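Since the structure comes first, as structure tokens, the remarks are kept for the end.
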Amino acid sequence: MKRRKQTQYKRIQALFTPPVIVAVFILAIIVVSALFANIFAPYNANQVSLGQVLAPPSPDHLLGTDETGRDIFSRLLVGGRTTLLSAIAVVVLSMLIGIPYGLIAGYFGGWADRILMRISDVILSFPSLLLAFLLVAAFGRGLTNSVIAVGIVYVPMLSRLIRSIVLVEKGKTYVEAAQSIGYSNLHILFREILPNCIPALIVQETLDLGYAILDLAAMSFLGLGVQPPTADWGAMLETGRNIIQLSPLCALAPGAMIVIAVVSINVLGDGINRWLDPRLRKPLPMRRFRLMVRRENV
């Protein structure tokens, strides 16, 4: 009992370090502000007020206004929702394609593995952001096409990660036992092997979320992502760049939010990586272990 409590304490200590606590707190504020942006925003994010063009920070406008008199603070909140939801969509899309991709390539091997890995090699031969630019240029500008393009770019790295884990797991005893019992390949892939990929998958997708925010911001900054007047951190950074000398907050505010969000996500991902370290996992209780042995011997 004492040893188990010590192990649990080590796991909690490995996750809840001061940097991780600060990162979680910051991310919680960003997420809540983004989800309830319409409630917290004092003004309509797209409301134009020509009488308040480039107004300095004041009690009425906490961060001032932009070149058309729109409240920067309101656009920052609404733009955060657009940015975060888009980044999450990128991660989900890459998982929907990359996980089956890697499972099939690693488990079946042979020609399926060779074909799928050569496709990955072709995608990885291009700089990731440049390939995303080419895809958006081919299919048209817009947030949806940007999300699809960036999601496709993230697939090869995720599929290679899953494939490498599957190559290790498929030779283990539990997989051979499942095959001998007569379970289908689909069952073995998604019910037996995939759960063992989840720890590495969580860490990878946490980091990919930060990269997705950066890449989508770059797409919007270049005019390929979110189109006016939709609020987005990358688009706000692009419009603020032209008037940074007249109103620095137009560019500094969205730029700072991008940096804070990405750094917080990376710190959280590093904390999760330490938390999922096998050396800190809770050992199986002896009572449960004996019960499992008795059932096997019956």
Inset, instruction - Pairs only if they're at least six apart or on different chains, beta carbon under 6 angstrom, first in region 151-174 and among the acidic types (Asp, Glu), second surrounded by fewer than 20 Cβ atoms within 10 Å (Cβ to Cβ); list them, first residue then second. - result: 169/196
Inset, instruction - Give 132, 178 a once-over and let me know the one that is of a type outside the set (Val, Ile, Thr) and either under 30 Å from residue 47 (Cα atoms) or touching a residue at least 60 places away in the same chain (Cβ under 8 Å) (or both). - result: 132
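Conditions tested, residue by residue: (1) modelled with pLDDT of 90 or more; (2) touching a Lys or Arg at 6+ places or on another chain (Cβ under 9 Å); (3) within 24 Å of residue 261 (Cα to Cα).
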site: 91; (1), (2), (3): yes, no, yes
site: 94; (1), (2), (3): yes, no, yes
site: 121; (1), (2), (3): no, no, no
site: 129; (1), (2), (3): no, no, yes
site: 135; (1), (2), (3): no, no, no
Inset, instruction - Determine whether region 120-140 contains at least one residue that is over 23 Å from the mean Cα position of the chain (by Cα) and of a type in the set (Val, Ile, Thr). - result: yes
Inset, instruction - Go through region 240-278 residue by residue and tally those that are surrounded by fewer than 21 Cβ atoms within 10 Å (Cβ to Cβ) and polar (S, T, N, Q). - result: 4
Legend entry - Residue that is modelled with the highest pLDDT [pool: residues in region 46-64 that are hydrophobic (A, V, I, L, M, F, W, C) and assigned to a loop (DSSP other than H, G, I, E, B)]: 63
Inset, instruction - Would you point out the residue of region 97-125, among those that are farther than 20 Å from residue 167 by Cα and hydrophobic (A, V, I, L, M, F, W, C), that is surrounded by the fewest Cβ atoms within 10 Å (Cβ to Cβ)? - result: 122
Legend entry - Residue in region 214-251 that is modelled with the highest pLDDT, counting only those that are touching a Pro at 6+ places or on another chain (Cβ under 9 Å) and assigned to a loop (DSSP other than H, G, I, E, B): 232
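Conditions (1) among the small types (Gly, Ala, Ser); (2) touching a Phe, Trp or Tyr at 6+ places or on another chain (Cβ under 8 Å), marked per residue:
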| site | (1), (2) |
| --- | --- |
| 178 | yes, no |
| 186 | no, no |
| 205 | no, no |
| 215 | no, no |
| 220 | yes, yes |
Legend entry - From 146, 94, residue being in contact with a Phe, Trp or Tyr (Cβ under 8 Å, 6 or more places away or on another chain), in contact (Cβ under 8 Å) with a residue 12 or more places away in the chain, polar (S, T, N, Q) and part of a helix (DSSP H, G or I): 94
Legend entry - Qualifying residue in region 217-234 (condition: under 15 Å from the mean Cα position of the chain (by Cα) and buried (at least 21 other Cβ atoms within 10 Å of the Cβ)): yes
Inset, instruction - Identify, by number, the condition in (1) out of contact with any strand residue (DSSP E or B) (no Cβ under 8 Å at 6 or more places or on another chain); (2) over 17 Å from residue 230 (Cα atoms); (3) in contact (Cβ under 8 Å) with a residue 40 or more places away in the chain that residue 32 doesn't meet. - result: (3)
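The values are calculated or read from the model by the stated rules, or taken from the named source; none is laboratory data. Keep in mind that what you see is a predicted model, and the values were worked out from it rather than measured. Glycine gets a Cβ as well: all are built from the backbone with ideal geometry, and neighbour counts include every protein chain shown.
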